[in-house]
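**Student:** Right, I'll just put the structure down here and ask away after.
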Amino acid sequence: MVLITCLSNVAAQVGVGRILGGNKFHYPVGQPELPAPEELRWRVALIEKALASLETEVKEPKTF
């Protein structure tokens, strides 16, 4: 599991293994201030990074 959040310190405290830093609190997987095509590219890159982090073995919380 990968948790995408802007509160990575909280995620680590509760023991989430894979933590991926997102955008802001209200939009962790989006950037509504960007034009739609740029936001889509940003979202795709974020999800690709999350998928790549699944290949990493973790024994304690790790932020990607």
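**Student:** Amide H of Phe64 versus every other amide H placed in the peptide plane: which residues, excluding those fewer than 5 positions away on the same chain, fall under 5 Å?
**Tutor:** Under 5 Å from the amide H of Phe64: Ile19, Leu20, Gly21.
**Student:** Provide the per-residue ³J(HN,Hα) series for the range 23-33, in order, calculated from phi with Karplus coefficients 6.51, -1.76, 1.60 and θ = phi - 60°, each as a whole number of Hz, with x at glycine and proline positions.
**Tutor:** Once θ is set to phi - 60°, the couplings for the range 23-33 become 7, 9, 4, 7, 9, x, 10, x, 9, x, 6 Hz.
**Student:** For the range 6-15, what does the Karplus curve 6.51 cos²θ - 1.76 cosθ + 1.60, with θ = phi - 60°, yield as ³J(HN,Hα) per residue in whole Hz, taken in order and with x for Gly and Pro?
**Tutor:** Working through the residues one at a time gives 9, 10, 5, 5, 5, 4, 5, 5, 8, x Hz.
**Student:** Select one label from [x] 1.11; [y] 1.23; [z] 1.01: the one whose number is Rg/Rh (Cα atoms, Kirkwood Rh) as derived from the coordinates shown.
**Tutor:** This structure yields the entry labelled [z].
Each reported figure results from applying straightforward, stated rules to the coordinates on display, with no laboratory input. Remember, predicted model here, so these are calculated numbers, not experimental data.
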